[in-house]
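The values are calculated or read from the model by the stated rules, or taken from the named source; none is laboratory data. All figures in this text were calculated on a predicted structure; none of them were measured in a lab. Neighbour counts run over all protein chains shown; Cβ positions are idealised from the backbone, glycine included.
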Amino acid sequence: MTKAPIAYSALGRRAQPPTIARLMSLMLENPGLLSLAAGFTDNRTLPVAAVRRAGESLAARPTEPEYLQYGTNQGRPGLRSLLAGRLLAQETPSNIENVRKNFFITNGSQQALYLAMQVLCDPGDIVLVDRPSYFVFLEMLVGLGVRAVSLPVDSAGRIDAGALRALLEGLRERDELKRLKAVYVVSYFSNPSARSLDEVEKSAVAEALAGAGAVVPVVEDAAYRDLFFETPHLARSVLSLPAWDAFPKLYLSTLTKPFATGLKIGYGTCSDPGLLAKMLHVKGHHDFGTANYNQALLEEVIAGGGMDAQLEIIRPAYRRKMLVLHEALITAGLPGLGWSWVVPAGGLYLWLEAPATLDTGLESAFCRACVEAGVLYVPGDLCFGDDAPKNRIRLSFGVLGEADLAEAGRRFGAVAGRFG
Ligand SMILES: Cc1ncc(COP(=O)(O)O)c(C=O)c1O
């Protein structure tokens, strides 16, 4: 009997292999390839001792091992309270109690992003995204059939409020404003650009939206807020900025990048109890609670000061790694060949602009030449919701050690030289 094709749902039909899977298979097919692509953390500085101590301390408790039991859908109260306290030390929200009460834990911040988009958007709806933006989020929107529209930026990458007002007016004229469901910004040491938004820019987005009568939920993704190298980026989040007062606000962050990616714990707080309730209902359908043991470990770590100790270790380590890659690219002569980038003050990425005529996309001759030379990167065109330029590249200095970063930078520079 011939097998009948499976009749997939619309979501199943839209689902495509994520680009990261394609990049990973390139890695497997090409042993010896040095990856500047994956946004992973560095195995050398993962907090083995802190996690062991936390595990031992849990096991030594004389009480029942509740930490090995299912937890609650919204997350462990102790961990939520500690994380809310850490967030409130950086913020001045008008309703502090709301921030605490509406705090939640997710399976990485990725899950929170998916929950938010699932409860807010139908196929054909629109989400405003920063330009460039987090490519896994953009792929998620494609998977949900949702249209990403970029927040306009000027030549320095700052949000252009005048152009945003015109964009919103265009949506209104085409009767599409009603399809605008949310705005998404990665506002601290962004993936991929390493840029941070200042308070004026953030407030200008709110003012433009309010002026257009589009008081839609804002999702602020602060995944890299704690991963500054020397000084924090001092801009407050949308939770505290008066321009966003009237908007439903979802603030998301994670303990993966600043502590242990493998524990996969993310968190957030929502100013709107109705929106939070909907997200938690859907989380109940997904998993009815994030791994309780991982949350218990992190609660131990934070309560014992282990989070701050780990941040003290990784901030200078990632800064050194960033400088190794940056200097390798300078030594390889990239600036003289017309390449440019801003030296980041935090995060895990260098965001390169190649000469305008150089195509760096996944199928380009340049990308193939890099793989042949033994170095992999994320093509920057994946990081745009629309109107993607072809000459951008994201390089991650997260995974490789310093010697490999220098070698990867040299290989990359040699290819750039051949195409220069
Ligand atoms: C901007 C941004 N947001 C969210 C995430 C998701 O992180 P996690 O699910 O590990 O918390 C990432 C991961 O790379 C990211 O770069």
So which residues in segment 249-298 are over 20 Å from the mean Cα position of the chain (by Cα) and either polar (S, T, N, Q) or in a loop (DSSP other than H, G, I, E, B) (or both), if there are any at all? SER271, ASP272, ASP287, PHE288, GLY289, ALA291, ASN292, ASN294, GLN295
Selection count, segment 114-136, where residues are surrounded by fewer than 21 Cβ atoms within 10 Å (Cβ to Cβ) and within 10 Å of the ligand (Cβ to nearest atom): 1
So which of LEU83, LEU34, LEU79, LEU88 is at pLDDT 95 or above and outside the structural domain of GLY268 (by TED's automatic domain parsing)? LEU34
If the requirement is being closer than 30 Å to VAL48 by Cα, surrounded by 17 or more Cβ atoms within 10 Å (Cβ to Cβ) and at pLDDT 95 or above, which of these qualifies: ALA388, ALA354, ALA408, ALA416? ALA408
In segment 205-218, is there at least one residue being within 14 Å of the ligand (Cβ to nearest atom), of a type in the set (A, V, I, L, M, F, W, C), under 17 Å from PRO152 (Cα atoms) and in a loop (DSSP other than H, G, I, E, B)? no
Need a quick list: strands (runs of 3 or more DSSP E) entirely within segment 96-163 having at least 1 residues that are basic (Lys, Arg). 147-150
With within 11 Å of the ligand (Cβ to nearest atom), polar (S, T, N, Q) and out of contact with any helix residue (DSSP H, G or I) (no Cβ under 7 Å at 6 or more places or on another chain) as the only criterion, which of SER237, SER190, SER196 stands out? SER190
With the checklist (1) in a helix (DSSP H, G or I); (2) of a type outside the set (Phe, Trp, Tyr); (3) under 25 Å from the mean Cα position of the chain (by Cα) in hand, flag the one item ALA403 doesn't pass. (3)
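Conditions (1) assigned by TED's automatic domain parsing to the domain that holds ILE314; (2) touching a strand residue (DSSP E or B) at 6+ places or on another chain (Cβ under 9 Å); (3) not polar (S, T, N, Q), marked per residue:
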{"site": "ARG14", "(1), (2), (3)": "yes, no, yes"}
{"site": "PRO17", "(1), (2), (3)": "yes, no, yes"}
{"site": "ILE20", "(1), (2), (3)": "yes, yes, yes"}
{"site": "GLU29", "(1), (2), (3)": "yes, no, yes"}
{"site": "PHE40", "(1), (2), (3)": "yes, yes, yes"}
{"site": "ALA59", "(1), (2), (3)": "no, no, yes"}
{"site": "GLN74", "(1), (2), (3)": "no, yes, no"}
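Looking at segment 326-342 only, could you name the residues that are more than 29 Å from the chain's Cα centre (by Cα) and exposed (fewer than 14 other Cβ atoms within 10 Å of the Cβ)?
Of the residues in segment 326-342, the ones more than 29 Å from the chain's Cα centre (by Cα) are 331-333, 336-337.
THR331, GLY336 - these are the residues of segment 326-342 that are more than 29 Å from the chain's Cα centre (by Cα) and exposed (fewer than 14 other Cβ atoms within 10 Å of the Cβ).
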Complete set of residues in segment 70-85 that are closer than 23 Å to TRP244 by Cβ and either within 16 Å of the ligand (Cβ to nearest atom) or surrounded by 21 or more Cβ atoms within 10 Å (Cβ to Cβ) (or both): ARG80, LEU83
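When the residues of segment 94-113 are narrowed to those that are touching a Phe, Trp or Tyr at 6+ places or on another chain (Cβ under 9 Å) and closer than 29 Å to GLY157 by Cα, which ends up farthest from the ligand (Cβ to nearest atom)?
Just the residues of segment 94-113 that are touching a Phe, Trp or Tyr at 6+ places or on another chain (Cβ under 9 Å), to begin with: 99, 103-106, 109-110, 112-113.
From what is left, the residues that are closer than 29 Å to GLY157 by Cα are 109-110, 112-113.
Values: SER109: 4, GLN110: 3, ALA112: 8, LEU113: 6 Å.
Taking the candidates together, the pick is ALA112.
For (1) under 21 Å from ASN95 (Cα atoms); (2) within 15 Å of the ligand (Cβ to nearest atom), each residue gets a yes or a no:
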residue	(1), (2)
LEU241	yes, no
ASP245	yes, no
TYR251	yes, yes
LEU255	no, yes
LEU275	yes, no
Residue among VAL142, VAL149, VAL183 that alone is surrounded by fewer than 17 Cβ atoms within 10 Å (Cβ to Cβ), in contact (Cβ under 8 Å) with a residue 12 or more places away in the chain, aliphatic (A, V, I, L, M) and out of contact with any His (no Cβ under 8 Å at 6 or more places or on another chain): VAL142
Looking at segment 309-317, can you tell me whether even one residue there is charged (D, E, K, R), outside the structural domain of VAL99 (by TED's automatic domain parsing) and more than 12 Å from the ligand (Cβ to nearest atom)? yes
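May I ask you to verify whether PHE228 is over 21 Å from ASN98 (Cβ atoms), among the aromatic types (Phe, Trp, Tyr) and more than 10 Å from the ligand (Cβ to nearest atom)?
Details: over 21 Å from ASN98 (Cβ atoms): yes; among the aromatic types (Phe, Trp, Tyr): yes; more than 10 Å from the ligand (Cβ to nearest atom): yes.
For PHE228, the condition - over 21 Å from ASN98 (Cβ atoms), among the aromatic types (Phe, Trp, Tyr) and more than 10 Å from the ligand (Cβ to nearest atom) - is met.
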Of everything in segment 144-187, what is more than 21 Å from PRO123 (Cα to Cα) and of a type in the set (Asp, Glu)? Give them in sequence order. ASP154, ASP160, GLU169
Which pairs turn up if I take residues in segment 52-75 that are in contact (Cβ under 8 Å) with a residue 60 or more places away in the chain and look for partners that are part of a loop (DSSP other than H, G, I, E, B) with beta carbon separation below 7 Å, at least 6 apart in sequence or on another chain? TYR70/GLY289; GLY71/GLY289; THR72/GLY289; ASN73/PHE288; ASN73/GLY289; GLY75/THR290
Are any of the residues in segment 272-282 in contact (Cβ under 8 Å) with a residue 12 or more places away in the chain and under 28 Å from PRO344 (Cα atoms)? no
Please state which one of SER190, SER203, SER155 is among the small types (Gly, Ala, Ser) and closer than 28 Å to ASN107 by Cβ. SER190
